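Enquirer: Below: one structure in structure tokens.
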Amino acid sequence: MNLINLATHAPKAELHLHIEGSFEPELMFEIAQRNQVKLPFASVEEIRAAYDFSNLQEFLDIYYQGMSVLLVERDFYDLTWAYLQRAAADNVIHCEIFFDPQGHTERGVAFAHAIGGISRALADGQIRLGISSKLIMCFLRHLSEEEALATWEEAQPFLSLIDGVGLDSSELGHPPSKFANVFAKAKQAGLHLVAHAGEEGPPEYVWEALDDLQVTRIDHGNRALEDEALVARMASENTCLTVCPLSNLKLCVIERIEDHPIRDMLNAGLLAMINSDDPSYFGGYVNANYHAVINALDLTRSEIETLLRNSFIGSFMDDSDKAEALAKLDAYVTQARFAK
Ligand code: HPA
Ligand code: ZN
């Protein structure tokens, strides 16, 4: 079996996926029409043509505009269900997805509508597609910590549906330490903690995410490689890095896909794995991300197997589910060695 097919058909987990970033233009138009909301684009082609970004902020401006057509529970259900079907086609058997409640509540959409639709689709994903999932609520770092704390309070009636909290949006100028209090509350409530860091921001932001927020997983983390002591620490603590190659390319974190640091991360002993981030905006779902780095970096069979294994090891599955998923992957990898 060639290595592209190996990655394509392997059971895998996706741990860095913004559900609002999986919003395909076709569905965006359908929901806009249903809700009688006007989009500033005339066609699907016009929307796709606007997806040309030179940094994170340029993407975020369009991302918030896109999600503004989501108004009621059904919209969030349809969005999430569309992602799950696409993920199933890529042989994702477990996903941990982000949502941005402040991107909705600040437009007057009820927190209950957003989380209700998303979690109902996730439950259906388990039953109808066999995909297990976790839900991670992100705070928008360009807003204040007071606003994050208000969102934390709003989330209280729904805590049984929330597995973790994260931090996303504009990184530069918004260090993790700004959110130490709200993360302390989430930790006390027993939630998992993650944060975007080192995508555009400096290694100091990764240190802060680890020390001040106490996260156990770093989303992106590319710039951690600039700091040897930081790499050594994350390697020794088995801190997972949720890496997003096509996102990095589209947002100009790297110039060419051949420059992607995924192999350097593995060679440094980091628990890196592959994700799609915002697949509708960045040109591909998780398998397309595997394919991009396999082709550009000529990854070996062993490197690909490590990335796939890391996708489960870095997850928040409980120990028995994790062992079962890893056994499934091992069985797949073993038979793939003998397959044509
Ligand atoms: N980085 C920061 N914030 C985001 C991203 C990202 O890649 N995607 C959606 N929100
Ligand atoms: Zn992200």
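Enquirer: For a quick check of your reading of the model, give me the residue pairs whose first member lies in the range 149-171 and is free of Cβ contacts under 8 Å to residues at least 60 places away in the same chain, whose second is surrounded by fewer than 17 Cβ atoms within 10 Å (Cβ to Cβ), with beta-carbon atoms closer than 7 Å and at least 6 apart or on different chains.
Expert: LEU149/ASN181; TRP152/LYS185; LEU159/ALA189
Enquirer: Please tell me if GLU171 is over 17 Å from VAL109 (Cβ atoms) and open to solvent by less than 50 Å² (accessible area, probe 1.4 Å).
Expert: yes
Enquirer: Within the range 263-287, count every residue that is within 16 Å of ligand 2 (Cβ to nearest atom) and either within 16 Å of ILE304 (Cβ to Cβ) or touching a Ser or Thr at 6+ places or on another chain (Cβ under 7 Å) (or both).
Expert: 12
Enquirer: Hey, another quick one. Which of (1) open to solvent by 10 Å² or more (accessible area, probe 1.4 Å); (2) within 24 Å of PHE179 (Cβ to Cβ) does CYS138 not meet, given it meets every other one?
Expert: (1)
Enquirer: Going through LEU27, LEU84 one at a time, which residue ends up being touching a strand residue (DSSP E or B) at 6+ places or on another chain (Cβ under 9 Å), over 27 Å from GLU171 (Cβ atoms), touching a residue at least 12 places away in the same chain (Cβ under 8 Å) and more than 16 Å from ligand 1 (Cβ to nearest atom)?
Expert: From the options LEU27, LEU84, the qualifying one is LEU84.
Enquirer: Restricting the search to the range 190-200, which residues are in contact with a Lys or Arg (Cβ under 7 Å, 6 or more places away or on another chain) and within 15 Å of ligand 2 (Cβ to nearest atom)? First the steps, then the outcome.
Expert: Start the filter on the range 190-200 by keeping residues that are in contact with a Lys or Arg (Cβ under 7 Å, 6 or more places away or on another chain), which leaves 193-194, 198.
Passing the criteria: VAL194, GLY198.
Enquirer: Sort through LYS187, LYS134 and tell me the only one that's basic (Lys, Arg) and within 16 Å of ligand 2 (Cβ to nearest atom).
Expert: After ruling out the rest, the residue left standing is LYS134.
Enquirer: A further question follows. Only residues that are of a type outside the set (S, T, N, Q) and open to solvent by 10 Å² or more (accessible area, probe 1.4 Å): list them for the range 112-135, please.
Expert: Listed by number, the residues that qualify are ALA112, HIS113, GLY116, ARG120, LEU122, ALA123, ASP124, ILE127, ARG128, LEU129, GLY130, LYS134.
Enquirer: Follow-up. Taking helices (runs of 4 or more DSSP H) that fall entirely within the range 74-162, which contain at least 3 residues that are among the small types (Gly, Ala, Ser)?
Expert: 111-124, 145-155
The values are calculated or read from the model by the stated rules, or taken from the named source; none is laboratory data. Here the structure is a predicted model, which means the values were calculated and not measured. Quick reminder, even Gly has a Cβ in these numbers, built from the backbone with ideal geometry, and neighbours come from all protein chains shown. Heavy atoms of the whole protein, side chains included, go into the accessibility calculation; ligands, DNA and RNA do not. Shrake-Rupley method; radii C 1.70, N 1.55, O 1.52, S 1.80 Å.
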